[in-house]
Structures are given as C-alpha cells and as structure tokens.
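All of the numbers you see were taken from the coordinates with simple rules; none came from a lab. A quick note: this is a predicted structure, and the numbers were derived from the prediction, not measured. Ideal geometry is used to build each Cβ from the backbone, glycine not excepted, and the neighbour counts take in all protein chains shown.
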Ligand SMILES: [Zn+2]
C-alpha cells in the first residue's frame, strides 16, 4: 500500500503555519493540538509535572509571538521543538539555585538500589528518568528521547561536547538497572 | 566490569569513535561477554527511550494560551469579505457539505449548524460587517462515520473549481512562499486522492480507503477555501 498517513498531516501543518503567522488563532489552535503531547512530554520530563502545564503554555505563547520569524527553512515541528527546549533550559537556569538546593546528591542516586519490578514497565522507566541526576537527565532526554546530536546539545546547554557525551553515558548506565523489571 | 572499555560503549553505540578506537572496542567485545552484555543493555536503554510515548496534558491548556495571545496586543487580524464573496462562500460550503456523502452522527444537528452558519454569514454580509476570518466546518467533521463516497460528485467538483478560480484571481495578492506552500500541498493531496481512488477500484469495500479518500478530499476543499480566504485578506 503506497498511501502515506504522514503526508496529509504535514500538509495541514504547513498551511496552518502560514495562516497562524497571519494572525489566524484557529489555525494556531490546530497547531497546538497537533504538537501539545510532544511539547508537554518534553517539559514534564525535563522539569517536573508541576511546572509542565505552565511552561507548555509559555512555549506556545512564545511560538505565537515568534511565528513571523519562522522562515520555513526547517520543518515547523523542528523549529517549535527547538524553541521549546530553549524555554525549558532558560527556566532551568532561572531556578537553578533553588533546584540545586532541593535536589538530592547525585552520588546518593548512583548508589540507589535497583527499583523493584512493576507491572507497568513504561511508567517505571519514566520514573527512573525522573530520578537521574539533573545533568545526566537533561542530556539523556535531549539525545536519546528527543534525538538531538551531542554538538547541538553542547550549544543548547553551553557545555563541551565531551561533557554531553559523559553525561549521556552516565545516564544510560543508570537506566540500565531499570531494564530488567 | 572493565570500566575502561564500558566507558567507551555509549560512544561506540552512537558511532562517535575514531575507526581505530572502534576496532579496538570491537576486538575487546569479541572476547569479553561481560562488556558485550553491557553493550546489549545500553542498546536496549536507547531503544526504550526512543519508544517513550508522548502524553498530552491532563487538562486542556488551550484556553489559557488563547487568553494570552489575544490580550497581549497580538489579537488575530480579521478579514473583511465583500457581500458577494461572503454569499458565495456560504453557498459553496453548503454545497460541499451536502455533496459529499458524509453520514453525520447527528445529521439533523449538523445541517442546522450549516444553515445557521450561512444565515449568520449572510446577515453579516448584508450589514456590511466584518466577518471572522475563520469559519471552520472541518473540526466538526473529524469524528464522522463514513458511509460511502461518490466519485462523480458534481457539487464537490463545482466547489473545488469555484475556489480554484477565486485563488487564481487573487493569486497576485499572495506572497511567493504562500503560493508555493499551497501548490505543493495541493499536489500532495491530489496524489493522495488519486492513490486512494485507484486502490478503491480494486478494493471497493475497504473502509480505511474510503475514509482516506474522504479525508483527502475534505483537506483539498479546506486548503482551497483557506487559500482563497488569504487572497481577500485586507491589511
Ligand atoms: Zn570487558
């Protein structure tokens, strides 16, 4: 079967972007509905469930404001996602000090016992991501979940590529313990 | 565990090693079951991460966003229709929704919605009033059941041709990017329609294909309608 399910969806997105950039709020609502699950999942995992709703709203408001700057040289989804990551990282920086104070010592996390097996493995895996030390979690989400390259992550986070690689490996080694549940 | 080797395994997995390092890792892996098992685990971690599902928020966040994009001076612009344009648009919408054989969950309700929409449109038109740019019948049609599609659908074809004409007439008022997007999308949709039509000839009872065809045709009409609306947008 040669029919592609993706094509019509992408078609709708491009048209809606053009309309939304001209001030069409209904077109923008359709863009919101198409992308909200991905954006909300990103914010929920990078920050916390408590912050995810508010930050997701911030991201879409910012997107609306910046739509006229979207040049179409990348896919809209890619552009939106990059904007979302920037908002999230900005937010993390703003709250970095409080966050560090509240976060448990990474060394303690490394030595945590393996979580007991649960029926819902996906939830267990998600939960385990939330337990990663902040730096490792960030890189793991950006690289393995969201598909960014180390050099992109290095720029986003303002770290060396080598740091991004080390954090990723650290995260994966910790996540290993949650595979056999 | 050989940390000096396992520390290289993520880079190995991501193809970040030099050819020489890569070879060294590979030859170690051939002789070390323990490190090979770690690599296997890391591979599974990455696969699991890539498969994580994306869940929407529990609450609908749109209202909060809509409130903020309207109150910050970025209110959506409105498009002025002339009376004949508006009347024509209303007629076309009714023709289109009646012409395509959709079976609405509640046919009566949706018909009256269409009539209400056209009545409202006409009354705004006759008072020379501004109409909102967006009239969105497609949202209501997203959860419909499809009965069947008539290929030789004169009314649908007429609606499409009306919009094509409107688009052609107003083409100069669209920027190049918009024209390119619209034309590109029309081409894709036409291909999808043609594919579905051909596939249905060999498998006429296939509900998925019927749905796909109806959807593609709806998209085409919707795209043309919105593109035509852009051509009459006033600044
Ligand atoms: Zn080894």
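Between residue A:177 and residue B:184, the simple spin-label model (points 7 angstrom out along Cα→Cβ) gives 4.8 nm. With both labels modelled 7 Å from their Cα along Cα-to-Cβ, the residue B:168 to residue A:163 distance reads 6.1 nm.
Alpha-carbon geometry of region A:12-100: the Rg and the Dmax are 13.5, 43 Å, given in that order. When peptides A:50-58, B:31-39, B:60-68 are ranked by their average number of other Cβ atoms within 10 Å per residue, the highest-first order is A:50-58, B:60-68, B:31-39. Listed by Cβ neighbour count within 10 Å, with the fewest neighbours leading, A:173, A:46 appear as A:173, A:46. Out of every Cα-Cα pair in region B:1-48, what percent are more than 13 Å apart? So the portion of pairs separated by more than 13 Å is 51 percent. Ranked by how many other Cβ atoms sit within 10 Å of their own Cβ, fewest first, the residues A:45, B:20 fall in the order B:20, A:45. Other protein chain C-beta atoms within 10 Å of residue C-beta, averaged over B:193-202: 1. Mean per-residue shielding of peptide B:40-48 is 6, counting Cβ atoms of other chains within 10 Å of each Cβ. Note on region A:122-180: the C-alpha convex hull projects to 3.6 nm² when averaged across all orientations.
Here the residues B:157, B:222, ranked from fewest to most Cβ neighbours within 10 Å of their Cβ, fall in the order B:157, B:222. Inter-label distance, residue A:34 to residue A:75: 1.0 nm, where each label sits 7 Å from its Cα along the C-beta direction. Shielding value for A:138-149 is 3, the average number of Cβ atoms from other chains within 10 Å of each residue's Cβ.
The relative contact order of region A:122-180, computed from alpha carbon pairs under 8 Å that lie at least 6 residues apart in sequence, is 42 percent.
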